[in-house]
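**Q** First, the structure itself, so that you have it in front of you.
The values are calculated or read from the model by the stated rules, or taken from the named source; none is laboratory data. Since the structure is predicted, the reported quantities are computational estimates derived from the model, not experimental observations. Heads up, the Cβs are rebuilt from the backbone with ideal geometry, glycines too, and the neighbour counts pull from every protein chain shown. Only protein heavy atoms, including side chains, enter the accessible area calculation; ligands, DNA and RNA are left aside. Shrake-Rupley method; radii C 1.70, N 1.55, O 1.52, S 1.80 Å.
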Amino acid sequence: MDARLSCQTSISGHILPVSGYSDAPTLTLETLQVLHWLHPAAITFENLDPLMKRPVRLHVDIAYDQLVAQRRGGYCYEQNTLFAAILRSLGYA
């Protein structure tokens with residue numbers, strides 16, 4: 001599955017509401033700042049996989065499943081993989 005397509009679908013239905021963002025996203029500095037603040041406030045940091053010697057797989061669909069669907073936290077690389085995909089799908093990149 002195309003990561004951009006799956007992430008775009010997830011954003012409208014899941015990621016933005018999970019992050020606490022309720023407005024229609026617009027490409028402004030203010031929106032970027034709000035999303036940058038809300039994302040780590042809504043999805044906690046968790047580094048259990050590296051501590052358990054489990055591999056950290058950096059793929060958008062895997063990060064989405066762990067951070068959003070399972071409501072687990074994520075390692076910084078997982079968090080940033082998902083956040084970058086969110087920003088790209090909104091048109092920031």
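**Q** Looking at the stretch 66-93, which of the residues that are open to solvent by 70 Å² or more (accessible area, probe 1.4 Å) and part of a helix (DSSP H, G or I) is farthest from A24 (Cα to Cα)?
**A** The residue in question is Y77.
**Q** How do the pairs read when you match residues in the stretch 37-52 that are over 14 Å from V68 (Cα atoms) with residues anywhere that are of a type in the set (V, I, T) and open to solvent by 30 Å² or more (accessible area, probe 1.4 Å), using Cβ under 7 Å and keeping only pairs 6 or more apart or on different chains?
**A** D49/V56; P50/V56
**Q** If we keep just the residues of the stretch 44-55 that are out of contact with any Pro (no Cβ under 9 Å at 6 or more places or on another chain) and outside any loop (DSSP other than H, G, I, E, B), which is surrounded by the fewest Cβ atoms within 10 Å (Cβ to Cβ)?
**A** Applying the first criterion (out of contact with any Pro (no Cβ under 9 Å at 6 or more places or on another chain)) to the stretch 44-55 yields 44-48, 50-55.
Pick out the ones that are also outside any loop (DSSP other than H, G, I, E, B) and you get 45, 48, 50-51.
Working: F45: 11, L48: 11, P50: 12, L51: 9.
Applying the filter and picking the extreme gives L51.
**Q** Check L38, L58, L32 and return the single one that is at pLDDT 85 or above, surrounded by 13 or more Cβ atoms within 10 Å (Cβ to Cβ) and in a helix (DSSP H, G or I). Let's see the steps before the verdict.
**A** Numbers: L38 fails: at pLDDT 85 or above; L58 fails: in a helix (DSSP H, G or I).
Of L38, L58, L32, the one residue that is at pLDDT 85 or above, surrounded by 13 or more Cβ atoms within 10 Å (Cβ to Cβ) and in a helix (DSSP H, G or I) is L32.
**Q** Is it the case that the stretch 3-19 has a residue that's part of a loop (DSSP other than H, G, I, E, B) and either surrounded by fewer than 16 Cβ atoms within 10 Å (Cβ to Cβ) or modelled with pLDDT of 85 or more (or both)? Don't jump to the end; show me each part of the working.
**A** Just the residues of the stretch 3-19 that are part of a loop (DSSP other than H, G, I, E, B), to begin with: none.
Scanning the stretch 3-19, I find no residue that is part of a loop (DSSP other than H, G, I, E, B) and either surrounded by fewer than 16 Cβ atoms within 10 Å (Cβ to Cβ) or modelled with pLDDT of 85 or more (or both), so the answer is no.
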